[in-house]
Amino acid sequence: MFYREAGDFSTTYADDQQTFPIKFDRYRYYVVLFIAIVIVPFVINDYWANSLLLPFLIYAIAALGLNILVGYCGQVSLGTGGFMAVGAYSCYKFMTGVDIWWGGELLFRLPEFNIFFSVIMGGVMTALVGVLFGLPSLRIKGFYLAVATLAAQFFLVWLFNRVAWFYNYSASGQISAPERDLFGVLITGPSTPAWATYMFCLFFTIVSAVIARNMTRGAAGRKWMAIRDMDIAAEIIGVNPLKAKLTAFAVSSFFIGISGALFFAVYLGAVEVGEAFSITKSFLVLFMIIIGGLGSIFGSFAGAAFLVLLPVALKVVGVDWFGWPTDIVAHLQLVVVGGLIIVFLIAEPHGIAQLWRVAKEKLRLWPFPH
């Protein structure tokens, strides 16, 4: 009764196949977008941006990318942190100018890109690296593919630590985002306004969600799901496993690279690869899609929101209300996340997204039992 569909019918195929065919769903998402685009920029401050909104938007993009690979295509990956590092270091190189040396001589140098195209190029370079490390998926799968992507994680972190060209031969080994503006508004740097960084990340999040939603509903998404369900049967009916798997790796890595570039340039401003993009980051994004729901665009956002809000909520309750030490609260967070993963894997493998679908079904029937 609360969630009504009566009288909501389609008269064309385009109406029936749109992203939100139910009018109530469309209006609800329009309201959310209106609040996010029109209202939040006027009330946001540095605390809300740095503690909640920017991490949520950036991790949501990373979760979208990983969910395409793991949830839709069924290819297990533990190299998310390494691919985010590729996006971050690629963005840094394009922001500061790419110079190619050979035999002690400068062959050519690309000019500095603005922040928008630097983030895009970070995603493009990560997609190329993702395809390279996705080649083993043509021969191996399951646990062995997870180990291969885990090796990619460690190799990429080692590469960015050891090759000084990636961090422009800085003595500290860190990369720092220079000040860059877009249409006269600072996007990176210490004096960047909170609303500008929020709107910049929000733009990439909305575009990524629209692209991911349409790809998963189209021919590419159906091929990915066919490979996920049974790759041999998919190949028999005409799905090219080489093209399907590598496309999934490319698209997934592109989104993850975008999130890594935003994480470095807009959110942190300066990173050291071993600390910012360690194996912990890979597991964090993986936990997001497990808790949020595998094979669900909404689940990517739900999992990102949950794991971004959880540390803040535990800090408020544990430190501010009960006066517990911060280290105990930090360890409690690990216990809570681990327990929730076990609960979701046993009780609800499809995560928060499935709980939301069940809730909508109940709202359709309430107050009637059937």
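The values are calculated or read from the model by the stated rules, or taken from the named source; none is laboratory data. These numbers come from a predicted model, not from an experiment. All Cβ positions, glycine included, derive from the backbone under ideal geometry; neighbour counts span all protein chains shown. When the accessible area is computed, the model is the full protein with side chains, heavy atoms only, and any ligands, DNA or RNA have been set aside. Shrake-Rupley method; radii C 1.70, N 1.55, O 1.52, S 1.80 Å.
The number of residues in the stretch 172-185 being open to solvent by 60 Å² or more (accessible area, probe 1.4 Å) and not in a loop (DSSP other than H, G, I, E, B) comes to 2. The single condition from (1) under 14 Å from the mean Cα position of the chain (by Cα); (2) assigned to a helix (DSSP H, G or I) that Gly295 fails is (2).
In the stretch 199-223, the qualifying residues are those that are closer than 22 Å to Val266 by Cα and in contact with a helix residue (DSSP H, G or I) (Cβ under 7 Å, 6 or more places away or on another chain), and the one that is most open to solvent (accessible area, probe 1.4 Å) is Met199. The combined condition, being of a type in the set (Lys, Arg), open to solvent by 90 Å² or more (accessible area, probe 1.4 Å) and assigned to a helix (DSSP H, G or I), is not fulfilled by Lys360.
When only residues in the stretch 105-138 that are assigned to a helix (DSSP H, G or I) and open to solvent by 60 Å² or more (accessible area, probe 1.4 Å) count, which is farthest from Leu156 (Cα to Cα)?
Phe117
Per the listing Tyr29, Tyr59, Tyr13, the residue uniquely of a type in the set (Ser, Thr, Tyr) and at pLDDT 90 or above is Tyr59. Listed here are the helices (runs of 4 or more DSSP H) enclosed by the stretch 15-102 that have at least 2 residues being among the hydroxyl-bearing types (Ser, Thr, Tyr) and out of contact with any helix residue (DSSP H, G or I) (no Cβ under 6 Å at 6 or more places or on another chain): 23-34, 80-96. Summed over the stretch 62-74, the residues that are open to solvent by 10 Å² or more (accessible area, probe 1.4 Å), over 13 Å from the mean Cα position of the chain (by Cα) and of a type outside the set (Ser, Thr, Tyr) give a count of 1. Applying the criterion of being over 19 Å from Phe117 (Cβ atoms) and assigned to a helix (DSSP H, G or I) to the residues of the stretch 264-274, the residue that is modelled with the highest pLDDT is Leu268. Selection of first residues in the stretch 275-288 that are assigned to a helix (DSSP H, G or I) and of second residues that are open to solvent by 60 Å² or more (accessible area, probe 1.4 Å), restricted to Cβ pairs under 8 Å at least 6 apart or on distinct chains, gives the following pairs, ordered by first then second residue: Ala276/Leu268; Ile279/Phe154; Met288/Phe306. Among the residues of the stretch 306-329, write down those that are within 17 Å of Ile61 (Cβ to Cβ) and open to solvent by less than 30 Å² (accessible area, probe 1.4 Å). The answer is Leu307, Val308. Evaluate the following for Leu33: is it more than 29 Å from Tyr144 (Cβ to Cβ) and surrounded by fewer than 24 Cβ atoms within 10 Å (Cβ to Cβ)? Yes. If you filter the stretch 139-171 down to residues that are among the small types (Gly, Ala, Ser), farther than 15 Å from Phe264 by Cβ and not in a helix (DSSP H, G or I), you find that the one that is most open to solvent (accessible area, probe 1.4 Å) is Ala171. None of Ala261, Ala226 is without any contact (Cβ under 8 Å) to a residue 24 or more places away in the chain, buried (at least 19 other Cβ atoms within 10 Å of the Cβ) and in a helix (DSSP H, G or I) except Ala226.
May I ask you to list pairs of residues, at least six apart or on different chains, whose Cβ atoms are under 6 Å apart, with the first in the stretch 135-160 being at pLDDT 90 or above and the second being assigned to a helix (DSSP H, G or I) and hydrophobic (A, V, I, L, M, F, W, C)? These pairs meet every condition: Ala152/Phe133; Gln153/Ile279; Leu156/Ala85; Val157/Val273; Phe160/Ala85; Phe160/Phe166; Phe160/Val273. Within the stretch 327-345, residues that are in contact (Cβ under 8 Å) with a residue 24 or more places away in the chain have Cβ atoms under 6 Å from residues that are of a type in the set (Gly, Ala, Ser) and open to solvent by less than 40 Å² (accessible area, probe 1.4 Å) in these pairs: Phe344/Gly351, counting only partners at least 6 apart in sequence or on another chain.
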